[in-house]
Amino acid sequence: MGFREDFLWGGATAANQCEGGYDEDGRGLANVDVVPIGKDRLPIISGKMKMFDFDEEHFYPAKKAIDMYHHYKEDIALFAQMGFKTYRLSIAWTRIFPNGDEKEPNEAGLKFYEDVFKECKKNHIEPLVTITHFDCPMHLIKEYGSWRDRRLVGFYENLCRTIFTRYKGLVKYWLTFNEINMILHAPFMGAGLYFEEGENEDQVKYQAAHHELIASAMATKIAHEIDPENQVGCMLAAGNYYPYSCNPEDVWKGLQIDRESYFFVDVQSRGEYPAYALKDLERKGVQIEMADGDQELLKKYTVDFISFSYYSSRVASTDPAHNVTEGNIFASTKNPYLESSEWGWQIDPLGLRITLNTLYDRYQKPLFIVENGLGAVDVPDKNGYVEDDYRINYLREHIEAMRAAVEEDGVELLGYTTWGCIDLVSAGSGEMKKRYGFIYVDRDNEGNGTLKRSKKKSFDWYKKVIATNGTDLA
Ligand code: BG6
């Protein structure tokens, strides 16, 4: 019993948080490049403050990030040393289509990822590719208003066709949109949406979400046509809401907030807009413009598996007196039973088991945990070594919870990739200081450092976990 023999252990990154090389080999500019570190980051990622290009006052960490664009061979070799079975990474749309609306792709960009995937294969690592991890070409944002415009579906389709064809035989596992529900919470960073004053934000967000859902179904269709071996998944920022108390008002509120996220997977996995969503959109005054054939497309091309990120559970309360704490972009009521990370994210391993069970009950499709981990301040010694027992403890408890979900509850789980297996730029804060990796990278919040990679204590620990297929977590 325990994890399946072919369980996909590994780690995850996203192009904009690790690659750097933002203007190399013909790459175009994207929303994720122009989000700076500092106090303006939040208003910018939420679409309230406009930042369509670099300025002199801000520091933009994604420009160089950890320079994986030039270090990928060394980094993949380190992943292989840990015994990774899979490596989740994302493609930067603007390396392949610098503006997004070209007919022909940029060969240098295509070649880069081909080399990366070949390097993975050489090291017996199965790539798990996120087609868009928050990124949208700046040109599509300026000229079309990003995903609010239906034409984005066609541009995304072109991207998918290009990569599915070029990487046939190299890549089998695909995710269409990273944390698709983030469009509601971080609309500029998550989907390139910026709002003009007085605009009905819900209308824009849900229409854009509809276009992404159509694009996702289209991607699934094309992926299967090009190679029946392809497996396509959706990706949700997950973590159940608990009611703060047994007051039915709290329970009802928790259910309603959970549905804001499930809405996306309900469409991607069950193939139609759920009844509660139709009612809710009506109440919000949102009218989704659907094209002929949309409903059939959604119904016919549902995902093969469901992937998600899990950092924490959340709490819903109707009592405004309860304290709020930070979470993955969306804040939640503080749970008095849980400890928090240095960034205020609450730590709840059992919540992972609960989330796995909830998703499996709801969809009965294979699940894949594609993000989980602890963002912490690491203090390296002079050799770059970090004694990160806190990270090992966090991961151990979460792996134990997922083992219980598989072994004791019968949840079907394909794999587990920890977030930021090598230190990278934080999406929420733009900091380097918030580290998740097994591999320390010498770079700070201001962009200083040698970029040298060194193994932390957790490196050897995770290696052992993988080698024993999750049976030795000591
Ligand atoms: C998820 C994202 O929201 O959480 C990642 O998919 C992100 O891109 C991760 O980095 C952790 O969040 P943060 O803000 O700590 O980087």
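Coordinate-derived values only; no laboratory data. Note that the coordinates shown come from a computational prediction; the quantities given were computed from them, not determined experimentally. Reconstructed Cβ throughout: ideal geometry from the backbone, glycine too, with neighbour counts over all protein chains shown.
Listing for the model above:
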read-out: Sole residue being more than 16 Å from the ligand (Cβ to nearest atom) and part of a strand (DSSP E or B), chosen from 458, 454; value: 454
read-out: Pairs, first over 16 Å from residue 135 (Cβ atoms) and touching a residue at least 40 places away in the same chain (Cβ under 8 Å) in the stretch 51-78, second basic (Lys, Arg) and surrounded by 15 or more Cβ atoms within 10 Å (Cβ to Cβ), C-beta under 8 Å, six or more apart; value: 66/443; 71/453; 74/453; 75/453; 78/453; 78/455
read-out: Residues within the stretch 401-450 that are part of a strand (DSSP E or B) and within 16 Å of the ligand (Cβ to nearest atom), tallied; value: 8
read-out: Elements of type helices (runs of 4 or more DSSP H) in the stretch 81-198, at least 2 residues being within 16 Å of the ligand (Cβ to nearest atom) and under 26 Å from residue 36 (Cα atoms); value: 187-191
read-out: First in the stretch 298-311 and touching a residue at least 40 places away in the same chain (Cβ under 8 Å) and aromatic (Phe, Trp, Tyr), second anywhere and part of a loop (DSSP other than H, G, I, E, B) and within 16 Å of the ligand (Cβ to nearest atom), Cβ under 7 Å, 6 or more apart; value: 308/238; 310/238; 310/239; 310/372; 311/239; 311/328; 311/345; 311/372
read-out: Leading residue by the ranking (farthest from the ligand (Cβ to nearest atom)) among those in the stretch 360-379 that are outside any loop (DSSP other than H, G, I, E, B) and surrounded by 22 or more Cβ atoms within 10 Å (Cβ to Cβ); value: 367
read-out: Total residues in the stretch 388-426, condition without any contact (Cβ under 8 Å) to a residue 60 or more places away in the chain and either under 26 Å from residue 69 (Cβ atoms) or β-branched (Val, Ile, Thr) (or both); value: 1
read-out: Qualifying residue in the stretch 216-224 (condition: surrounded by 23 or more Cβ atoms within 10 Å (Cβ to Cβ), in a loop (DSSP other than H, G, I, E, B) and of a type in the set (A, V, I, L, M, F, W, C)); value: no
read-out: Total residues in the stretch 281-317, condition touching a Pro at 6+ places or on another chain (Cβ under 9 Å) and over 19 Å from residue 235 (Cβ atoms); value: 3
read-out: Lone unmet requirement of (1) surrounded by fewer than 18 Cβ atoms within 10 Å (Cβ to Cβ); (2) over 19 Å from residue 470 (Cα atoms) for residue 326; value: (1)
read-out: Close pairs (7 angstrom Cβ cut-off, 6 or more residues apart or separate chains): more than 16 Å from residue 135 (Cα to Cα) in the stretch 21-50, buried (at least 21 other Cβ atoms within 10 Å of the Cβ) and small (Gly, Ala, Ser) anywhere; value: 25/109; 26/109; 37/430
read-out: Matching entry among 307, 341, 332, 313 (being within 16 Å of the ligand (Cβ to nearest atom), farther than 26 Å from residue 256 by Cβ and among the polar types (S, T, N, Q)); value: 341
